[in-house]
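Take a look at the structure below.
The values are calculated or read from the model by the stated rules, or taken from the named source; none is laboratory data. Everything quoted here is computed from the prediction, not taken from an experiment. Cβ placement follows ideal geometry from the backbone for every residue including glycine, while neighbour counts extend to all protein chains displayed. Only protein heavy atoms, including side chains, enter the accessible area calculation; ligands, DNA and RNA are left aside. Shrake-Rupley method; radii C 1.70, N 1.55, O 1.52, S 1.80 Å.
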Amino acid sequence: QVQLVESGGGLVQPGGSLRLSCAASGSVSRINVMGWYRQAPGKQREVVAIFSSDGTANYATSVKGRFTIARDSAKNMVSLQMNSLKPEDTAVYYCHVNSLLKAYWGQGTQVTVSS
């Protein structure tokens, strides 16, 4: 089992920045995928940024150049730096990992971009 605890999020004006963090605990030695998804009201959950099993960072087209994902393997943490935020980035953001072919999700943290 893997437990994920997210922090960060909140309300920010368009053009602003936020940083999300996620700490993993439990059976972390077999984690091979780690990243972030989001779900806006009335929409399906979508990948935002994720480290694949080969360590490559992949981004959704809509966030490329604005968001940066980083991983601290020693601390079993992943973060998402979000810059130049837009109203369409408003969503609940979820930390996600895969471990031994099983998916784990954090509880979600709300990000609201509004003036």
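If you wrap a convex hull around the Cα atoms of the chain, how much volume per residue is inside, in Å³?
Looking at the chain, the number lands at 93 Å³ per residue.
What distance in nm lies between label points placed 7 Å from Cα along the C-beta direction at residue 5 and residue 33?
2.6 nm
Need the list of aspartates and glutamates near residue 102 for cross-linking: C-alpha distance under 15 angstrom, and skip anything on the same chain fewer than eight residues off.
Correct list for residue 102: empty, as no aspartates and glutamates qualify.
Return the percentage of antiparallel bridges among DSSP beta bridges fully within the chain, rounded to the nearest 5 %.
95 percent
Between residue 40 and residue 13, what FRET efficiency follows from the Cβ-Cβ distance if R0 is 25 Å, with the result rounded to 0.05?
It comes to 0.85.
Quote the FRET efficiency, to the nearest 0.05, computed for residue 114 versus residue 70 with a Förster distance R0 of 25 Å and r equal to the Cβ-Cβ distance.
E between residue 114 and residue 70, to the nearest 0.05, is 0.45.
For the chain, what is the relative contact order in percent, using Cα pairs closer than 8 Å and at least 6 residues apart in sequence?
Computed over the chain, the figure is 37 percent.
Given labels modelled 7 Å from the Cα in the Cβ direction, how far is it in nm from residue 58 to residue 83?
According to this spin-label approximation, the distance is 2.5 nm.
Alpha carbon centre of the range 1-66 versus the range 72-102: separation in Å?
1 Å
Hand me the trypsin sites (Lys or Arg not before Pro) from the range 1-65 located in a DSSP loop with no more than 11 other Cβ atoms within 10 Å, in residue order please.
Filter output for the range 1-65: 43, 64.
Keeping the other protein chains in place, figure out the carbon and sulfur percent of the accessible area of the chain, with a 1.4 Å probe.
The value for the chain is 49 percent carbon and sulfur by accessible area.
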